[in-house]
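Visitor: Let me begin by handing over the structure; questions about it come next.
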Amino acid sequence: MKKIESNTEEIIFKSAITIFHKKGLAGSRMQEIADEAGINKAMLHYYFRSKQLLFEAVFKNAFMQLAPQIQQVLNSEDSLFEKIENFADKYISFIMENRFLPTFIIQELNNNPDFAKNFFSQAEFPKPTHFLLQIEEEIRKETILPINPKQLLIDMFSLAVFPFVGSPLLHKILNSTEEEYDDLLLERKKHLASMLINSIKK
């Protein structure tokens, strides 16, 4: 990838996200992304030699925005229940703006393991140590049920991400329009937090 001005990069990334969200990686074309960005295809290819490289750059950019938000939530001085609420709100809000992320991670783990291995070996992941210790402390204080803290963390991520990964299936099962499904996702912020809190609260 050539060095690229930040404002041009932002325009290209936003345009790519729009097209990737509509058509997925396989169905997207560089010409469509160039048209969406208001630049010619030659300029887009100058910065990104292929659709895969652009997709990877967009993914890295989005992931680097999400990780610090989750880190901040998990390591704040908020109560355990407040953290669960904030996590559900921030995570679902972010993925609604970057819906390609969960599917892309799964695709790359299966189809492009070298990129995934290289990226994940270098990426700054949220560190949940403080959060896990906080759960243990709440168990000792008997404010929550005796649970495996790591299981709660898995529940938080998996229950938040599946509605995005499984959206084609859920659309069919629920027979919902895009607008109706978006309303469910917005509603899910509070629903997920409430469900998790009630499942562990004494």
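Visitor: Could you check PHE104 against (1) modelled with pLDDT of 80 or more; (2) in a helix (DSSP H, G or I); (3) of a type outside the set (Gly, Ala, Ser) and say which number it fails?
Guide: Failing condition for PHE104: (1).
Visitor: Give the range 133-148 a look and list any residue that's in a helix (DSSP H, G or I) and either among the β-branched types (Val, Ile, Thr) or surrounded by fewer than 16 Cβ atoms within 10 Å (Cβ to Cβ) (or both), or say none.
Guide: Listed by number, the residues that qualify are LEU133, ILE135, GLU136, GLU137, ILE139, ARG140.
Visitor: Before we move on, is ILE70 assigned by TED's automatic domain parsing to the domain that holds PRO168, buried (at least 19 other Cβ atoms within 10 Å of the Cβ) and closer than 25 Å to PRO113 by Cα?
Guide: For ILE70, the condition - assigned by TED's automatic domain parsing to the domain that holds PRO168, buried (at least 19 other Cβ atoms within 10 Å of the Cβ) and closer than 25 Å to PRO113 by Cα - is met.
Visitor: Collect the residues in the range 1-47 that are part of a loop (DSSP other than H, G, I, E, B) and either of a type in the set (S, T, N, Q) or in the same structural domain as ILE106 (by TED's automatic domain parsing) (or both), keeping them in residue-number order.
Guide: If the condition is that a residue be part of a loop (DSSP other than H, G, I, E, B) and either of a type in the set (S, T, N, Q) or in the same structural domain as ILE106 (by TED's automatic domain parsing) (or both), then SER28, ASN40 are the ones that fit.
Visitor: Okay, next question. For residues in the range 90-110 being farther than 16 Å from LEU54 by Cα and more than 14 Å from the chain's Cα centre (by Cα), which is surrounded by the fewest Cβ atoms within 10 Å (Cβ to Cβ)?
Guide: Result: ASN110.
Visitor: With the requirement that a residue be over 16 Å from VAL161 (Cα atoms) and in a helix (DSSP H, G or I), what does the range 171-182 give you?
Guide: If the condition is that a residue be over 16 Å from VAL161 (Cα atoms) and in a helix (DSSP H, G or I), then LYS172, ILE173, LEU174, GLU178, GLU179, GLU180 are the ones that fit.
Visitor: Only one of GLU178, GLU136 is more than 30 Å from PHE13 (Cα to Cα) and either at pLDDT below 95 or not assigned by TED's automatic domain parsing to the domain that holds PHE13 (or both); which? I'd like the intermediate steps shown before the answer.
Guide: Numbers: GLU178 fails: more than 30 Å from PHE13 (Cα to Cα).
So the residue among GLU178, GLU136 that is more than 30 Å from PHE13 (Cα to Cα) and either at pLDDT below 95 or not assigned by TED's automatic domain parsing to the domain that holds PHE13 (or both) is GLU136.
Visitor: Shifting gears a bit: Specify the residue that is surrounded by the fewest Cβ atoms within 10 Å (Cβ to Cβ); the eligible residues are those in the range 111-132 that are assigned to a helix (DSSP H, G or I) and of a type in the set (A, V, I, L, M).
Guide: The qualifying residue surrounded by the fewest Cβ atoms within 10 Å (Cβ to Cβ) is LEU132.
Visitor: Could you give me the residue pairs with C-beta distances under 7 Å whose first residue belongs to the range 111-128 and is farther than 17 Å from ALA57 by Cβ, whose second residue is among the polar types (S, T, N, Q) and surrounded by 11 or more Cβ atoms within 10 Å (Cβ to Cβ) wherever it lies, and which are 6+ apart or on separate chains?
Guide: Listed by first residue and then by second, the contacts come to PRO126/GLN71; LYS127/GLN71.
Visitor: In the range 40-67, what residues are surrounded by 14 or more Cβ atoms within 10 Å (Cβ to Cβ), among the aliphatic types (A, V, I, L, M) and touching an Asp or Glu at 6+ places or on another chain (Cβ under 9 Å)?
Guide: Those that are surrounded by 14 or more Cβ atoms within 10 Å (Cβ to Cβ), among the aliphatic types (A, V, I, L, M) and touching an Asp or Glu at 6+ places or on another chain (Cβ under 9 Å): ALA57, ALA62, ALA67.
Visitor: How about the range 80-110: which of its residues are in contact (Cβ under 8 Å) with a residue 24 or more places away in the chain and of a type in the set (S, T, N, Q)?
Guide: SER93, ASN98, THR103, GLN107 - these are the residues of the range 80-110 that are in contact (Cβ under 8 Å) with a residue 24 or more places away in the chain and of a type in the set (S, T, N, Q).
The values are calculated or read from the model by the stated rules, or taken from the named source; none is laboratory data. From a predicted model like this one, the values you see are computed outputs, not experimental measurements. Reconstructed Cβ throughout: ideal geometry from the backbone, glycine too, with neighbour counts over all protein chains shown.
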